[in-house]
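Colleague: Here it is: the structure, laid out below.
Please treat every number below as a calculation from the coordinates, not as lab data. Source: prediction; values computed, not measured. All Cβ positions, glycine included, derive from the backbone under ideal geometry; neighbour counts span all protein chains shown.
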Amino acid sequence: MTTPLVTLAPAAAPTPAGPSATLLYNDWYPAMRSDALRGKTIRTTLLMGIPMVLGRTAEGRLFAMRDSCPHRGIPLSCGWFDGRALTCKYHGWAFEPVSGQCTSIPSLTAEDSLDPSRIYATAFACEERDGYAWVYVPEPGTGRVRARSQAEAAGLPPVPETPKFSERYRSQHLAAELPCNVDHGIIGLMDPAHGPFVHQAWWWRKRASIHEKAKHFEPIDEPFAQGFRMAAHTPSGNSAPYKLLGVYGEPISTTIDFVLPNRRIETIRCGPKWFSSITTVTPTTPSACRIDVYAAWNVFYHLPFVTAIATFFGKRFVAQDQVTMIQQAEGLKYDPSLMLIDDADRPAKWYFALKQARLEAARTGAAFRHPMQGPVTLRWRS
């Protein structure tokens, strides 16, 4: 059971952007909610600074194209989509949207030798998971990675998906725009020390509840996944939502993964009961980003209004982060000197080191070298 998207409006007037970030390509990013793509509706978005137009074919296949006609550059979204072809408004050039292949150029005559089928608009691999249209964005200049089936896409990384542990579950989506570059959005996402200050509330935790914590981390170094894991542990005793799970009388464990380029995956297990979420921070431009949260659970499955309750508190939680990032952007626009400390900021340091290692591997063609040497225990107060 999935409920409608909850999008958080900016809590203040737009803030001038700070410095931009180096972007990671050759990976999947959530472009928008897939339930917004119905019938012959086409929608536009910015992803990695690229204007995109997305839709769904008459067969139900999602597509994502650069919102630019290769003829004269007018946005293809200004034209017409009939379920099979996206037609440019300017000169009527028509394109099959999944592959981007041109199917018609009305101005050609029988005397012309140009074969329209040899012309392609830029199309991106696009797949549907967890209610999102995920788009694979290749490195600029590396050629087209056209949309294709999962079997044909064997050479691409797997499309991200939230782990689920039962057939019946509820789910929810949240989203918020952040006026900062993706780096600041991500290190804010993984910051373990801000909770008692940014998220202090009777229903979450209070500043007075701060205490020392020790968590074990280990590297994630797999063919299509590089990052780190906060190993399975008993969740914090000063967080009210975790205390509620005590009603099941089962041991509670939490595992949190961070995986490049932008994904935080949390899994909470309590016997057969579970909660999982995937949170992404996606660059819309080099200096702005969007946070998306998809959560799925079977805890309190039969409790009336559980989704409405989860939405209320989830929206408040994400809004607190959003307000803080808007306020932080005021300072970042002046490009101040910043510092990271141990151990609370070690995950942020790992992120930057992981990002640099991936960029270096892409630049040189050498194997990825994980910056973590092995498991480590971090300690901080929160």
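Colleague: Can you give the extra length, in nm with one decimal, that the chain gains between LEU340 and TYR301 once fully stretched, where that is 0.36 nm per residue apart less the Cα-Cα distance?
Modeller: Working: separation 39, 0.36 × 39 = 14.04 nm, distance 4.08 nm.
The span from LEU340 to TYR301 would gain 10.0 nm if fully extended.
Colleague: Quick one: length gained pulling VAL323 to LYS349 fully straight, 0.36 nm per residue minus the C-alpha distance?
Modeller: Details: separation 26, 0.36 × 26 = 9.36 nm, distance 2.38 nm.
Length gained between VAL323 and LYS349: 7.0 nm.
Colleague: Using Cα pairs under 8 angstrom and six or more residues apart, how large is the relative contact order of the stretch 20-137, in percent? Spell out each step's value before the answer.
Modeller: Values: 253 pairs, mean separation 31.4, N = 118.
Once divided by the residue count of the stretch 20-137, the mean separation gives 27 percent.
Colleague: In addition: Treat each spin label as a single point 7 Å out from the Cα along the C-beta direction, and report the TYR90 to GLN373 distance in nm.
Modeller: About 5.7 nm separates the two model spin labels.
Colleague: Another one. Points 7 angstrom from Cα along the Cβ direction at LYS333 and ALA308: gap in nanometres?
Modeller: Taking the two extended label points, one gets 4.0 nm.
Colleague: Moving on to the next point. Fewest Cβ neighbours within 10 Å first, please rank ASP257, ASP27 accordingly.
Modeller: Values: ASP257 17, ASP27 23.
The most exposed by this proxy come first: ASP257, ASP27.
Colleague: Which of ASP183, ASP67, ASP82 has the fewest other C-beta atoms within 10 Å, and how do the rest follow up to the most? If you can, show how the numbers build up before the last one.
Modeller: Values: ASP183 20, ASP67 23, ASP82 10.
Listing ASP183, ASP67, ASP82 from fewest to most nearby Cβ atoms yields ASP82, ASP183, ASP67.
Colleague: Round to the nearest 0.05 the FRET efficiency obtained for ASP35 and GLU167 when R0 = 22 Å and r is the Cβ-Cβ distance. Can you show the working numbers first?
Modeller: Details: r = 21 Å, r/R0 = 0.94.
Efficiency, from the Cβ-Cβ distance: 0.60.
Colleague: Determine, for each peptide in 35-46, 288-299, 349-360, the mean count of other beta carbons within 10 angstrom over its residues, then list the peptides with the highest first. Working shown, then result.
Modeller: Numbers: 35-46: 15.2, 288-299: 22.2, 349-360: 17.2.
Result, highest mean Cβ count within 10 Å first: 288-299, 349-360, 35-46.
Colleague: Oh, and also: Rank the residues MET339, MET65 as a footprinting-exposure proxy: fewest other Cβ atoms within 10 Å of their Cβ go first.
Modeller: On the way: MET339 5, MET65 27.
Result, fewest neighbours first: MET339, MET65.
Colleague: So, one more: Pick out, in residue order, every one of the trypsin sites (Lys or Arg not before Pro) in the stretch 159-192 that is DSSP loop and has at most 13 other C-beta atoms within 10 Å; say none if there are none.
Modeller: Values: sites: LYS164, ARG168, ARG170; in loops: LYS164, ARG168.
Sparse-neighbourhood loop trypsin sites (Lys or Arg not before Pro): ARG168.
Colleague: Please give the contour-minus-distance gain from SER20 to HIS211: 0.36 nm per residue of separation, less the Cα-Cα distance, rounded to one decimal in nm. The partial results should precede the final answer.
Modeller: Values: separation 191, 0.36 × 191 = 68.76 nm, distance 3.55 nm.
Here the answer is 65.2 nm.
Colleague: Shifting gears a bit: Modelling each spin label as a point 7 Å along the Cα-to-Cβ direction, I'd like the SER113/ILE74 distance in nm, to one decimal.
Modeller: 2.9
Colleague: Residues of the stretch 335-351 with amide nitrogen under 12 Å from the 7 Å Cα-to-Cβ point of ASP191?
Modeller: 339-341, 345, 348
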